[in-house]
Amino acid sequence: MINFKNTYTQLPDHFYQKVKPAKFESPSLIAFNKELALELGIHFEKYTDLEIANIFSGQKILEGSDPIAMAYAGFQFGHPNPQLGDGRAHLLGEVNGFDVQLKGSGQTRFSRQGDGRSALGPVIREYLVSEAMHALEVPTTRALCAVSTGEMVHRQFGPEPGGVFTRVASSHIRVGTFQYFFFQNDLKSLEQLLNYTINRHYPEFNELSLKDKSLSLIKALIKKQSELIAKWYSIGFIHGVMNTDNFSVAGITIDYGPCAFMDEFKFNKVFSSIDHRGRYSYSNQTTIAQWNILRLADCLLPFIDQSLPKAAKIVEDEISDLMNLFSLKSMQLLARKIGIDDYTDQDELLIQNFIQYLEEQTIDFTLAFRNLPKLFNNDSSFYPASTKLDSFVDQWRKRVKSIDHLDKINPLYIPRNHQVEKAIQEAYQNDFSHFHKLHQVLKTPYTEQEKASGFELPPTKDNRVYQTFCGT
Ligand code: AMP
Ligand code: MG
């Protein structure tokens, strides 16, 4: 039994397209997230694996589910695109307030030239990485199910097995959803979307005027996104394609395309094969998040004042201080990683020194923090010697009282690219054992696991991943 509702379909018809998922020859189950299903109140016990595969590839539509593809627009790499939307996704409905959406489930009105399908690789990647992010306490969409469709899809490097991924999200409303109506100058729909968003994500603003709702939403999003991006920084995560259509108004990580975790630290690191100018590099994520929030503000200006320049000035006055949260939150989390829980501006230099040392010596980001307790206790074997390190340790010892709790803050296991890649390559040979193993390890990233030896290690020369692809 799954109790589907759909509040989004109560919005006007042009917010979405009602459309059924495609038919697939022989869906089979790869993984079903029972823990998440239980959290959602999904009673799956009576379903066989095949039934689950049929439900979560859109072959069997359950009562109460009314699949839709959502309309949205977006700025892609800084360029406006007024027509995007779910071109390969179907929102089955809401369960317990959360969206349950299929990805790779067939064409919709928004497919443009695309086939509406997904290859298995991105399904495996999103399952592993989004669940790892959740275990690392990062707000994110979740993975409910992965299904193999039994069909081939045609991609850049030839035919690949197809899959459908089911993700769960507090919603799929993006900055790009607002832009869809903004680009059409459709104020009425913008107002409806604003009210819907406030009611769903920020009900505490329900009673405010339209002007105050708009300002409150922008400010709330600055708070949420600054916390989110700080978490990304703290674990070396690079989203890779922070277009406004991949930027959630609920402040969760959404759309795991060419995302990747850094191995050795490099401030300007880029993995995505299409990010030629490093717009979405590790270091640029703060700037881009701020830019994206300003694009949301553009959409809401008419509700703030009839005169747009006046409205822009009001927004600027309200948010200019708040935007500092982006650097503050990031520094606070990095400080926590070295054992400083009461960060002040004076600690910035200490943190910068350590980070610069990591970059100069090309040291693994995750392990550099994980090994700090050893360094504190005079075992510097992990760290290449340098005067920078010596001076950091000197200052650090004076500043930090206790490092006993650091293993609960600095993970040992992250979804390293070469491990994810191995899971994908084996999945293409119909072998899901590495996928399951890796998923298991990443569930408890802070605890050293006897059976996970090697999973903490950076890649070797032979299995290093240099680039990631959107690879839809
Ligand atoms: P994304 O890479 O997820 O940010 O997608 C950007 C846009 O391209 C969205 O509108 C997607 O729905 C659309 N899209 C990506 N892959 C496909 C596909 N295989 N078929 C149809 N639309 C797609
Ligand atoms: Mg997207």
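Restricted to Cα atoms, the chain shows a radius of gyration and a Dmax of 22.7, 67 angstrom. Projecting label points 7 angstrom from Cα along Cα→Cβ for S283 and S307 puts them 4.1 nm apart. Note on region 97-138: with charges restricted to the Cβ of Lys and Arg (+1) and Asp and Glu (-1), its dipole about the Cα centre is near 320 debye.
If R₀ is 22 angstrom, what is the calculated FRET efficiency for the pair D431 and S273, using the beta carbon separation as r and rounding to 0.05?
Result of the calculation: an efficiency of 0.25.
Charge tally around P67: other residues with Cβ under 15 Å, Lys/Arg +1 each, Asp/Glu -1 each, net +3. Which residues does the label zone of N199 cover in region 1-30, counting backbone N under 19 Å from a point 7 Å along Cα→Cβ? Zone members listed by number: 4-17. When the charge dipole of region 7-169 is built from unit charges on Cβ atoms (+1 for Lys and Arg, -1 for Asp and Glu) and taken about the Cα centre, the candidate among G106, T141, G163 whose Cα reaches farthest toward its positive end is G106.
Pick out the long, greasy-scoring helices in the chain: whole DSSP H runs spanning 20 Å or more along their own axis by Cα, mean Kyte-Doolittle at least 1.6.
On the way: long enough: 120-135 (23 Å, 0.45); 187-201 (21 Å, -0.58); 210-235 (38 Å, 0.05); 285-304 (28 Å, 0.76).
Both cut-offs are met by no helix.
Which of the GluC sites (Glu not before Pro) found in region 99-194 are in a DSSP loop and have at most 12 neighbouring Cβ atoms, other than their own, within 10 Å?
Values: sites: E126, E131, E137, E151, E191; in loops: E137.
Listed in order of number, the matching sites amount to none.
Normalised by the residues of the chain, what does the relative contact order come to in percent, with Cα pairs under 8 Å and at least six apart? Walk me through the numbers on the way to the answer.
Details: 880 pairs, mean separation 70.2, N = 472.
Worked out over the chain, it gives 15 percent.
With a cut-off of 11 Å between beta carbons, the residues surrounding E160 carry a summed charge of +1, where Lys and Arg count +1 and Asp and Glu -1.
Relative to the current alpha-carbon distance between Y466 and E25, full extension at 0.36 nm per residue lengthens the span by 155.3 nm.
Hand me the trypsin sites (Lys or Arg not before Pro) from region 1-55 located in a DSSP loop with no more than 10 other Cβ atoms within 10 Å, in residue order please.
Details: sites: K5, K18, K23, K34, K46; in loops: K23, K46.
Those satisfying the criteria are K46.
Taking label points 7 Å from Cα along the Cα-to-Cβ direction, K34 and M1 give a separation of 2.0 nm. Over region 184-324, the fraction of Cα-Cα pairs per 5 Å bin, rounded to whole percents and listed from the shortest bin up, is 2, 10, 19, 20, 17, 13, 10, 7, 2, 0, 0. Using a Förster distance of 51 angstrom, determine the FRET efficiency expected from the C-beta separation of S391 and D298, and round it to 0.05. The computed FRET efficiency comes out at 0.65. What net charge is computed for the residues neighbouring P445, neighbours being all others with C-beta under 12 Å from the C-beta of P445, Lys and Arg scored +1, Asp and Glu -1? Taking every Cβ under 12 Å from that of P445, the sum is -1.
May I ask for the longest run of the chain untouched by chymotrypsin sites (Phe, Trp or Tyr not before Pro) that are loop-located per DSSP and have at most 12 neighbouring C-beta atoms (other than their own) within 10 Å? Write out the running numbers ahead of the final one.
Numbers: sites that count: F157, Y466.
Result for the longest clean stretch: 158-465.
Its Cα centre serving as origin, the chain has a Cβ charge dipole (Lys and Arg +1, Asp and Glu -1) of approximately 500 debye. Using Cβ point charges alone (K and R +1, D and E -1), the dipole size of region 7-169 about the Cα centre works out to roughly 480 debye.
Quick note: the coordinates plus some simple rules give every number you see, no bench work behind them. A quick note: this is a predicted structure, and the numbers were derived from the prediction, not measured. Note that we place each Cβ from the backbone using ideal geometry, even for glycine, and neighbour counts take in every protein chain shown.
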